[in-house]
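A short worksheet on the structure shown next.
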Amino acid sequence: MRALFDSYRLGAITLRNRIVMAPMTRNRADENGDPNELMIEYYTQRASMGLIITEGTAPEHVGKAYPGIPGMYSDSQSLGWRKITDSVHALNGTIFLQLMHSGRISHKKITGLVPMSPSAIKPAGEIFTGITNDTFEIPLEMSLSDIENTRLAFVGAAKRAIDAGFDGVEIHAANGYLLHQFLATNSNLRTDEYGGSPENRARYIIEIVDSISQIIGSGRVGIRLSPNGKFNDISENDVDETYGYLMNELSSKGLAYLHLAQQSGFDGIAFARSHFRGTLIANSGYGDQNKIETARRIIEEGQADLFSFGRLALANPDLPKRLASDAHLISADSKSFYSRGPIGYTDYPHLAP
Ligand SMILES: Cc1cc2nc3c(=O)[nH]c(=O)nc-3n(C[C@H](O)[C@H](O)[C@H](O)COP(=O)(O)O)c2cc1C
């Protein structure tokens, strides 16, 4: 029987266990998007996870969602990340960079630029812009040349990631950020080849996957999806059709993995298992009150190959060791999710040796 603690062959890499740290935005990078010493410590503390997926990282400046988000579009950002990958690798860890372009989930007060999206539709709600919350702005509808430039930015960031020592990249096409905005029916009202049918709405994601794969190899490319997700004012009225099409297309591309973020009202994990043939990482979602039990069952029954933990990995840097010994698990303190400094970031304790 497969267990959470079994190793797993992810393409050319062997993961030491099937426990994945889910990507989590922590807003601790420097003002210019550079990773810093505190971030080295945070990721290094978590090197015993089978796979670390970093926080969402902007592939270009306009795609920076929140203050304190790191980037992967400048030399100083690359250098900062290189220190993190070296430090994680020194402990035999494995680390992928999540590429997250925010699209309309950003603000001129954060980047100095008007956010871009497939259509000029303002999301409902507010965004934290540094000191206060501000209502979202109407984004600029991306022209075909914006679409092309942003595709190139994704490719550039993926190349930088590999050059900076990452084992691969995860393309964030979930949770209402740019690529999800292309996919969803309420945020994409385009009438050109990027809007309308499921094939057209999925086109941009597939183009980005293909372009990145050509440069760094498909075995180093993962993708995250959240079918039926409502976060960031998303609403999808044809989940089966759109994700069925997209996952079938992705299946033949030899990707490192599909990372499925389960949403209420739709069994995305089972759906992904039947539509996607490669490695599947399951995340059972915020609402799951029995994470550990779910993780064990999903892996043992082969419903997915790897299981990702968000808040438990945040609050338990030595999560694999704690799970293996049925040790006490610390609950994450949500007040420090997006604050600055070490409190609630690097001060969660390891078990005594
Ligand atoms: C503080 C925090 C930040 C997050 N940031 C991201 C992110 O940058 N990218 C992403 O794909 N998901 C992000 N998520 C979602 C997590 O990856 C995960 O799907 C979610 O926390 C549910 O898993 P859990 O119940 O194990 O925490 C974030 C979650 C939390 C708690």
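The values are calculated or read from the model by the stated rules, or taken from the named source; none is laboratory data. Treat the numbers as computed from the prediction; the structure is a model and nothing was measured. Please note: Cβ atoms are built from the backbone with ideal geometry, for glycine as well, and neighbour counts cover all protein chains shown.
Among the candidates GLY219, GLY195, GLY130, GLY156, which residue alone is modelled with pLDDT under 95 and either on the phi > 0 side of the Ramachandran plot or not β-branched (Val, Ile, Thr) (or both)?
Numbers: GLY219 fails: modelled with pLDDT under 95; GLY195 fails: modelled with pLDDT under 95; GLY156 fails: modelled with pLDDT under 95.
Selected residue: GLY130, the only one of GLY219, GLY195, GLY130, GLY156 that is modelled with pLDDT under 95 and either on the phi > 0 side of the Ramachandran plot or not β-branched (Val, Ile, Thr) (or both).
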Selection within segment 49-60 - touching a Pro at 6+ places or on another chain (Cβ under 7 Å) and either of a type outside the set (Gly, Ala, Ser) or surrounded by fewer than 20 Cβ atoms within 10 Å (Cβ to Cβ) (or both):
MET49, ILE53, THR54, GLU55, THR57
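Restrict the check to segment 330-343 and report whether at least one residue is within 22 Å of THR94 (Cα to Cα), modelled with pLDDT of 95 or more and in contact with a helix residue (DSSP H, G or I) (Cβ under 7 Å, 6 or more places away or on another chain). Reasoning before the result, please.
Initially, segment 330-343 is screened for residues within 22 Å of THR94 (Cα to Cα), giving none.
Among the residues of segment 330-343, not one is within 22 Å of THR94 (Cα to Cα), modelled with pLDDT of 95 or more and in contact with a helix residue (DSSP H, G or I) (Cβ under 7 Å, 6 or more places away or on another chain), which makes the answer no.
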If you take the residues of segment 293-322 that are of a type in the set (Lys, Arg) and either over 23 Å from HIS350 (Cα atoms) or within 11 Å of the ligand (Cβ to nearest atom) (or both), which of them is surrounded by the most Cβ atoms within 10 Å (Cβ to Cβ)?
ARG311
Being small (Gly, Ala, Ser), under 22 Å from GLY93 (Cα atoms) and assigned to a loop (DSSP other than H, G, I, E, B) narrows it down to one residue among ALA313, ALA304; which is it?
ALA304
Just to be sure I understand, how many residues within segment 265-292 are more than 12 Å from the ligand (Cβ to nearest atom) and not in a helix (DSSP H, G or I)?
8
Cβ-Cβ under 6 Å pairs, at least 6 apart or on other chains, segment 272-293 side within 19 Å of ILE19 (Cβ to Cβ) and in contact (Cβ under 8 Å) with a residue 60 or more places away in the chain, far side within 10 Å of the ligand (Cβ to nearest atom) and of a type outside the set (S, T, N, Q)
ILE281/VAL20; ILE281/HIS259; ASN283/ALA22; ASN283/ALA261
Is it the case that segment 175-189 has a residue that's without any contact (Cβ under 8 Å) to a residue 12 or more places away in the chain, of a type outside the set (Gly, Ala, Ser) and either within 16 Å of the ligand (Cβ to nearest atom) or surrounded by fewer than 17 Cβ atoms within 10 Å (Cβ to Cβ) (or both)?
no
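Just to be sure I understand, how many residues within segment 323-341 are of a type outside the set (D, E, K, R), in contact (Cβ under 8 Å) with a residue 60 or more places away in the chain and within 16 Å of the ligand (Cβ to nearest atom)?
Pass one, segment 323-341, residues of a type outside the set (D, E, K, R): 323-325, 327-332, 334, 336-339, 341.
Then keep just the ones that are in contact (Cβ under 8 Å) with a residue 60 or more places away in the chain; that gives 323-324, 337-339, 341.
Now drop any that are not within 16 Å of the ligand (Cβ to nearest atom), which leaves 323, 337-339, 341.
Within segment 323-341, residues that are of a type outside the set (D, E, K, R), in contact (Cβ under 8 Å) with a residue 60 or more places away in the chain and within 16 Å of the ligand (Cβ to nearest atom) number 5.
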I'd like to verify a number: residues in segment 190-213 that are over 20 Å from the mean Cα position of the chain (by Cα), in contact (Cβ under 8 Å) with a residue 40 or more places away in the chain and more than 18 Å from VAL239 (Cβ to Cβ), how many?
3
